Amino acid sequence: MSARLLDGKAVAAELTEALRLHVAGLARKPGLAVVLVGDDPASAVYVRNKTRTAERIGLRHWQITLPASTSERELLDEVDRLAADPDVDGILVQFPVPEGIRRLAVVDRLPPGKDVDGLHIENAGLLAQKRDGFVPCTPAGCMELLARTGVSLRGAEAVVIGRSDLVGRPIARLLEHADCTVTVAHSRTRNLAEHVARADVVVAAVGVPGMVRGEWIKPGAIVLDVGINRLPDGTLTGDVEFAPARERAAWITPVPGGVGPMTIAMLMANTVKAAR
Ligand code: NDP
């Protein structure tokens, strides 16, 4: 069996087109501010993709680029300025930020109502209690892709590899809300292969190329590969050994073109929601 591809690029294009039409009908266009600190090339690409999509769907958008020498105080002042700006509905600070700036100090400073990346403790708490708030974009995108398979998640065994605040943990929450039985694996997990082998849904969010072996995948499973890893030859690859996993799975996301574009689409959706 060869898995069907979960084409995140196509689904994201569909979602952003729907948002474009929605925004076209709004008298006041939602506004997104994206803050980039330092000169990490991968972050610069992510930010460019976000602002391009914002432009395409008709949002007002601002990119604030600060030098790598920016202090935590200066970044927090910038966040405060955007928090107070009535034109700005959503604020996204691109992580990682340079050493010397505490990530959580920045996250804590975001007003929860403009926290379109869903990282603030208030939004994390709302998600934990299955209440309405801002859901982190990559996890929200994963759930949208899962919905597109048409496969019922109720009672399914899900294994999430990775437990970051941004990806692994919120995905595990969302899968639990969808009535999956969820196992969260991490760097201290023993026998990862055994956990993966019984999973109907595998989400890999680690950042280690090919660490999920194709032979571990249960036949017929759904595999979401969140990892984005750049190999020495410049190509992008995921956390899952794609070709052998595809032979066993029923559905699988490619890298690139799987979860990545969905993250951006969900950021746009969150910004429109913030404006509402
Ligand atoms: P983090 O580095 O914050 O988290 C990585 C997680 O993987 C940690 O929980 C860590 O465990 C776990 N881990 C590390 N090594 C192993 C191992 N050998 N076995 C099992 N678990 C392990 O990364 P992020 O969550 O931010 O991102 C994960 C990946 O997703 C990256 O490749 C990133 O580039 C990508 N990403 C993709 C996005 C997209 O739009 N497609 C968006 C965001 C991220 P522990 O907690 O024990 O340290």
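Could you please let me know if Thr65 is surrounded by fewer than 16 Cβ atoms within 10 Å (Cβ to Cβ), outside any helix (DSSP H, G or I), outside the structural domain of Glu215 (by TED's automatic domain parsing) and among the β-branched types (Val, Ile, Thr)? Judged against the criteria, Thr65 is a match.
Pro96 meets all of the listed conditions (1) crowded, with 22+ Cβ neighbours inside 10 Å; (2) part of a loop (DSSP other than H, G, I, E, B) but one, namely (1).
Across the range 1-41, which residue is nearest to Glu144 (Cα to Cα) among those that are basic (Lys, Arg) and not in a helix (DSSP H, G or I)? Steps first, answer last, please.
Taking the range 1-41 and keeping what is basic (Lys, Arg), we get 4, 9, 20, 28-29.
Okay, now just the ones that are also not in a helix (DSSP H, G or I), so 4, 28-29.
Numbers: Arg4: 16, Arg28: 27, Lys29: 25 Å.
Among those that are basic (Lys, Arg) and not in a helix (DSSP H, G or I), it is Arg4.
Annotation: of all residues in the range 19-45 being closer than 28 Å to Arg103 by Cβ and in contact (Cβ under 8 Å) with a residue 60 or more places away in the chain, the one that is surrounded by the fewest Cβ atoms within 10 Å (Cβ to Cβ) is Ala42.
Going residue by residue through the range 227-237, is there one that turns out to be closer than 14 Å to Leu146 by Cβ and modelled with pLDDT of 95 or more? No: the range 227-237 contains no residue that is closer than 14 Å to Leu146 by Cβ and modelled with pLDDT of 95 or more. A single member of Arg73, Arg56, Arg48 is in contact (Cβ under 8 Å) with a residue 24 or more places away in the chain and not β-branched (Val, Ile, Thr), and it is Arg56. Taken residue by residue, the range 246-258 has no member that is modelled with pLDDT of 95 or more, at negative phi, surrounded by fewer than 18 Cβ atoms within 10 Å (Cβ to Cβ) and aliphatic (A, V, I, L, M). Of all residues in the range 120-130, those being of a type outside the set (Gly, Ala, Ser) and either assigned to a helix (DSSP H, G or I) or in contact with a Gly (Cβ under 8 Å, 6 or more places away or on another chain) (or both) number 5.
When you look at Trp251, is it more than 16 Å from the ligand (Cβ to nearest atom) and more than 17 Å from Ala140 (Cα to Cα), yes or no?
On the way: more than 16 Å from the ligand (Cβ to nearest atom): yes; more than 17 Å from Ala140 (Cα to Cα): yes.
Spelling it out, Trp251 is indeed more than 16 Å from the ligand (Cβ to nearest atom) and more than 17 Å from Ala140 (Cα to Cα).
Residue by residue, here is whether (1) out of contact with any Lys or Arg (no Cβ under 9 Å at 6 or more places or on another chain); (2) away from the ligand (no atom under 16 Å from the Cβ); (3) not in a loop (DSSP other than H, G, I, E, B); (4) not aromatic (Phe, Trp, Tyr) holds:
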| site | (1), (2), (3), (4) |
| --- | --- |
| Leu75 | no, yes, yes, yes |
| Val88 | no, yes, no, yes |
| Gly118 | yes, no, no, yes |
| Gly141 | yes, no, yes, yes |
| Leu145 | yes, no, yes, yes |
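So in the range 147-159, with the set limited to residues that are of a type in the set (Gly, Ala, Ser) and either surrounded by fewer than 19 Cβ atoms within 10 Å (Cβ to Cβ) or without any contact (Cβ under 8 Å) to a residue 24 or more places away in the chain (or both), which one is nearest to the ligand (Cβ to nearest atom)? So the residue we want is Ala147.
Leu236 passes every criterion in (1) within 9 Å of the ligand (Cβ to nearest atom); (2) within 18 Å of Pro41 (Cβ to Cβ) apart from (1).
Quick check on the range 125-139: of everything there that is touching a residue at least 40 places away in the same chain (Cβ under 8 Å) and more than 14 Å from the ligand (Cβ to nearest atom), which residue is surrounded by the fewest Cβ atoms within 10 Å (Cβ to Cβ)? So that I can check it myself, show each step before the final result.
Residues of the range 125-139 touching a residue at least 40 places away in the same chain (Cβ under 8 Å): 127-128, 130, 134-135, 137-138.
Next, only the ones that are more than 14 Å from the ligand (Cβ to nearest atom) stay: 127-128, 130, 134.
On the way: Leu127: 22, Ala128: 15, Lys130: 10, Phe134: 27.
Checked the range 125-139; the qualifying residue surrounded by the fewest Cβ atoms within 10 Å (Cβ to Cβ) is Lys130.
The values are calculated or read from the model by the stated rules, or taken from the named source; none is laboratory data. Since this is a predicted model, take the numbers as computed values, not measurements. Every residue, glycine as well, gets a Cβ built from its backbone with ideal geometry; the counts of neighbours run over all protein chains shown.
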